[in-house]
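Structure record follows, encoded as structure tokens.
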Amino acid sequence: MPNNVIQGALLILLGEGLLSIMGAIIKHLSHDMPTEHIVFYRNLFGLIMLVPIIMHNGFNQLKTSVWHLHLLRAVVGLSAMYGFFYVIGNMPLAEAFLVKLTSPFFMPIVAAIWLGESIKAKTGWAIAIGFIGVMFILRPGTENFTPVALIGIGAAALASTAKVCIRRMGSTESSVRIVFYFGAISTVLSVIPLFWSPFWPSAQHWPWIVLMGLVATCGQLALTRAYRIANPGQIGPYVYSSVVYGATLGWVFWGETLLITTIIGSALIIVAGLWNVSGKKPKPA
């Protein structure tokens, strides 16, 4: 498998930026819409956004021999989505993004067990520093800690498995194919909870729903490409860029501010991520 760390890191930065915009839209919609409906429309409209790409390149690109991996990725990814969307709707935006940052701590472990990829000492130290940073942010054992954050951590663990699954498919599956099957399977599965939660979006919801689907699909394409071409353990720390995106969006639109412990934790995990990839030379793709 190729391991282009620099290109993968840049794609992570782009993808996380787009998904942060998606998160802001989800927070806006969550005031009126149930989580299960937001998840369904995110998947449905994200899938619709892929149709022009599929039609342009031809339906032959959808042929696959790894249905089981697409199904696994969709199930764990969709489960993570429910958890993360719920956290966005029930926590400040910046903190909701921050609890998702535990995902890189799980990825090297999953990749080592599943793909046999080694965890180098430098990556191990970077993960340790990042974990300390997240502890500053979550503040367990204090009055500022919220149990909702635990749902976010669980979602992050599931998301890390989905990302390593993408890595597993990287040698045979294109980014478009991976994202398409995730959207298709997730859309079908996310219909089920709607039978127990009747709701219909109003006219003011639809523009936001469409935009959510657009930025989500573009962001997912960028992240999928990143995890196909680079070692998850090496590029994982770049998801910490969502700290900056989330803090900025939360401050601009909801007046959210960061505690000093959050700022310290954010600095630690960003430094850890940058240090982890410093001095690495990308291998040819």
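The values are calculated or read from the model by the stated rules, or taken from the named source; none is laboratory data. Just so we're clear, the structure is a prediction, and the values are computed from it rather than from any experiment. Because the Cβ atoms are built from the backbone with ideal geometry, glycine has one as well, and the counts that use them run over all protein chains shown. With ligands, DNA and RNA removed, areas are computed over all heavy atoms of the protein, side chains included. Shrake-Rupley method; radii C 1.70, N 1.55, O 1.52, S 1.80 Å.
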Evaluation of L69 against (1) modelled with pLDDT under 90; (2) more than 17 Å from the chain's Cα centre (by Cα); (3) not acidic (D, E) (one fails), failing number: (1)
Just to be sure I understand the filter: pairs with C-beta atoms under 9 Å, separated by 6 or more residues or on different chains, first member in the range 116-134 and outside any helix (DSSP H, G or I), second member open to solvent by 30 Å² or more (accessible area, probe 1.4 Å). Which pairs pass? S118/A112; I119/I109; I119/A112; I119/I127
Here is a check on your reading of the model: is I178 within 18 Å of M107 (Cβ to Cβ) and either surrounded by fewer than 23 Cβ atoms within 10 Å (Cβ to Cβ) or under 21 Å from the mean Cα position of the chain (by Cα) (or both)? yes
Only one of these conditions is not met by G89: (1) modelled with pLDDT of 85 or more; (2) over 13 Å from I26 (Cβ atoms). Which number is it? (2)
State whether one or more residues within the range 78-101 are assigned to a loop (DSSP other than H, G, I, E, B) and either more than 20 Å from R228 (Cα to Cα) or open to solvent by 40 Å² or more (accessible area, probe 1.4 Å) (or both). yes
In this structure, is F195 without any contact (Cβ under 8 Å) to a residue 12 or more places away in the chain, more than 29 Å from V5 (Cβ to Cβ), open to solvent by 30 Å² or more (accessible area, probe 1.4 Å) and more than 12 Å from the chain's Cα centre (by Cα)? yes
